[in-house]
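This report concerns only the one structure given below.
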Amino acid sequence: MVAAERISSAAMLRLLATLIAAGCLAACSSGGTPTFALTAASVDPTYWCPGGANNAPYDVHATIAARNGTGKPVTIRSVTALMTLASIHGSWLERVGDQYDAGSVSFSPATVASGSSAKLKLTIPSACTSGKYAGQGSSSADYSVTMHVVTSAGKFSITAANKHQILAA
């Protein structure tokens, strides 16, 4: 009977190991908690500031990829943008690290459907100042752009993968 008990114990251990493996596989295969996420962002790469411009307004266009893995639509309530001066080439009015808070920006769409992805399109107000172009060397500045998005699923922030460059005289 000792052999039968050993077989029974061995069979029980195999069954237990199989159940543990199946449980791990199920846990690892599940998508986890469904979430809303901002997955990528980009901004217009370059803007040529007109010669002689003095705080001239212009728009920076941005896109944000959003994924809604929740079971209900997510409403975009507001979007703001912060531009941080990352580098300067030539002379510039501001210094590296200075920030420009663009405040509220226009965006669309206002809703991301349940279980879908969308590309949010943003228009960020900005302005530039430039001397007159007269064959002199030009200057430029690169800005890192971070967007803050308030949704019905919470608050999110994402920084554009590329920089926004302003070229001036």
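Observations on the structure shown:
Residues checked against (1) of a type outside the set (A, V, I, L, M, F, W, C); (2) under 30 Å from Arg67 (Cβ atoms):
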residue: Glu94; (1), (2): yes, no
residue: Asp98; (1), (2): yes, no
residue: Gly103; (1), (2): yes, yes
residue: Ser106; (1), (2): yes, yes
residue: Thr111; (1), (2): yes, yes
residue: Lys121; (1), (2): yes, yes
residue: Ile124; (1), (2): no, yes
residue: Thr129; (1), (2): yes, no
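- Condition check for Asp98: over 27 Å from Ala153 (Cα atoms) and free of Cβ contacts under 8 Å to residues at least 24 places away in the same chain: yes
Here's the yes/no breakdown for (1) under 30 Å from Ser78 (Cβ atoms); (2) among the β-branched types (Val, Ile, Thr); (3) surrounded by fewer than 18 Cβ atoms within 10 Å (Cβ to Cβ):
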{"position": "Tyr133", "(1), (2), (3)": "no, no, yes"}
{"position": "Ala141", "(1), (2), (3)": "yes, no, no"}
{"position": "Met147", "(1), (2), (3)": "yes, no, no"}
{"position": "Thr151", "(1), (2), (3)": "yes, yes, no"}
{"position": "Gly154", "(1), (2), (3)": "yes, no, yes"}
{"position": "Ala160", "(1), (2), (3)": "yes, no, no"}
{"position": "Ile166", "(1), (2), (3)": "yes, yes, no"}
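- Within segment 106-141, restricting attention to residues that are more than 18 Å from the chain's Cα centre (by Cα) and in a strand (DSSP E or B), the residue that is farthest from Gly51 (Cα to Cα) is Pro125.
- When Asn162 is tested against (1) more than 18 Å from Met83 (Cα to Cα); (2) in a loop (DSSP other than H, G, I, E, B), only condition (1) is not met.
Only the coordinates and a few stated rules stand behind these numbers; no lab work does. The structure displayed is predicted, hence computed values, not measured ones. Heads up, the Cβs are rebuilt from the backbone with ideal geometry, glycines too, and the neighbour counts pull from every protein chain shown.
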